[in-house]
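Just below is one structure, and these are the notes that go with it.
The values are calculated or read from the model by the stated rules, or taken from the named source; none is laboratory data. Given the structure is predicted, the values throughout are model-derived calculations rather than measurements. Ideal geometry is used to build each Cβ from the backbone, glycine not excepted, and the neighbour counts take in all protein chains shown. Accessible surface is based on the protein model in full, side chains and every heavy atom, while ligands, DNA and RNA are left aside. Shrake-Rupley method; radii C 1.70, N 1.55, O 1.52, S 1.80 Å.
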Amino acid sequence: MKLRLVNAKDPTDIDVAVAPTLHDVATRLGLAVSTVSRALSGHPAISDKTRSAVQAAAAELGYRLPTQGRGSRKSATHLVGVVVGAMHNRFMTVLLEHLHHALEGLGYQVVLLIDSMTATKDLLAFRPLIDGYLDGIIFATATIDSPLVFELQRRGIPCVLVVRSVDDANVDTVEIDNIHAGSEAVRHLFELGHRRIGLVMGPASTSTSRDRVRGAMDWLQRHGVPAADVHLVQGDYTHEAGYSAGMAMLGQAQRVTAIVGGNDTIALGVLEAARRKGIAVPSQLSVIGFDDMPLAGSPLIGLTSIRQPVEAMARTAAQRLVDRMQSHNLRPARRDILPIELIRRDTTGPAPAQV
């Protein structure tokens, strides 16, 4: 909110920022101030619908509870928040293990926040924790246009992105070159003779999925593979998503001869679909994943995968956050691009002569 002030001696208008009040939130929704107060404090008598509406209005207006705010912090707590969307992705559990060790070695303890946090209102539930206890946050679940990152910056909270990036965000980011990674995956398959290739990727709202698709599609088109011959499915980074997409792609009359999974978990779902269809890997179908998790190297699986240097990513992200916290959030943002490596195993081979 802004208030226009006019000086009697100098009639020039002056913009003065005025912090929104509880009354402003109540007015916006047509509710009693007491109802809004109870909703924001988590009172059990308030319905989930009303609480969500109040949280959304408060976030939109920029209202904060009086006890919140980093200005009230007396000293550092040496607690760092790590935000992940879910724990079904094995890559995230490995990343968390390395982040924990890296931050512990730097004198900090980890507080795990499991929430997608795709909207600014999602931050409200964590405000007491973030403002009152956390020295900084490592974000491992950001979407391309995540408003949470900009909100954390506005609130002066040191923040580092790891694995994924946010468009136009001037914030420390630690990731791989996902465009290059996508091109390396299809290059490997192309050199094996594959021309009908399927891409089973994660959500289009994430930089990892968007950039891997871009890298793969651009490389294939530059080397004469029409976009119509590339089958693209985007969904969740789950085994179920890989299995469902695999069953669909492998059920077509002119089926693909190779599939790239957006992560190893998706790739394992594709392998299960191939077994269900009676399609031999790699003689009839090649499959490649991303991340190179420990399970991928199991002799029973032998999954070809694009390795992300997860330990180095965690170590770098931890150091960048500590640097930012110690510089009082004044250091210029940095972007670290770590190298990838194609790990060839038993699930990729020459394209079949006929399908």
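Run through every distinct alpha carbon pair of region 254-319 and return the Kirkwood hydrodynamic radius in angstroms, one decimal place.
12.7
Return the FRET efficiency for the residue pair Leu342, Thr50: r is the Cβ-Cβ distance, R0 is 45 Å, and the value is rounded to the nearest 0.05.
0.30
Bin width 10 Å, origin at 0, all Cα-Cα pairs of region 210-275: what percent of pairs per bin?
22, 50, 27, 1
Please list Ser286, Ser298, Ser52 in order of solvent-accessible area, largest first, computed with a 1.4 Å probe with all protein chains present.
Ser52, Ser298, Ser286
Please list, in chain and number order, the residues 5+ apart from Ile259 or on another chain whose amide H is under 5 Å from its amide H, with Hs placed from the backbone.
Gly198, Ser286, Val287, Ile288
So how many Å³ per residue does the convex hull of the Cα atoms of the chain work out to?
188
Take every Cα pair under 8 Å in the chain that's 6+ residues apart, average their separations, divide by the length, and report that relative contact order as a whole percent.
Relative contact order, the chain: 15 percent.
Taking only DSSP H segments of four or more residues, each worth -39500 (n - 2.57), what value at 222 nm results for the chain once the sum is divided by all its residues, to the nearest 500 deg cm²/dmol?
-11500 deg cm²/dmol
Select from Leu124, Leu220, Leu29 the residue whose mean-square fluctuation is largest in a Gaussian network model of the chain (Cα-Cα springs shorter than 10 Å).
Residue with maximal mean-square fluctuation among Leu124, Leu220, Leu29: Leu29.
Bin width 10 Å, origin at 0, all Cα-Cα pairs of region 86-195: what percent of pairs per bin?
Histogramming region 86-195 at 10 Å steps yields 12, 39, 31, 12, 6, 1 percent.
Could I have the simple spin-label model distance between Leu330 and Arg275, label points 7 Å from Cα toward Cβ, reported in nm to one decimal?
It is 5.9 nm.
Evaluate E = 1/(1 + (r/R0)^6) for Ala253 and Ala76, where r is the Cβ-Cβ distance and R0 equals 45 Å; express this FRET efficiency to the nearest 0.05.
The value I calculate is 0.10.
For the chain, with a Gaussian network of springs between Cα atoms less than 10 Å apart, report the residue from Tyr63, Tyr133, Tyr108 with the top mean-square fluctuation.
Tyr63
Where the eigenvalues come from the Cα gyration tensor of region 185-240, what are the semi-axes √(5λ) of the equivalent ellipsoid, largest first, in whole Å?
20, 12, 10
So what is the orientation-averaged projected area of region 227-355, using the convex hull of its C-alpha atoms, in nm²?
That works out to 9.9 nm².
Choose one answer from Gln55, Gln308, Gln221: the residue with the largest mean-square fluctuation in a GNM of the chain with alpha-carbon springs under 10 Å.
Looking only at Gln55, Gln308, Gln221, the biggest GNM fluctuation is shown by Gln221.
From the protein chains alone at 1.4 Å, what is the descending order of accessible area for Phe290, Phe150, Phe190, largest first?
Largest accessible area first, the residues go Phe150, Phe190, Phe290.
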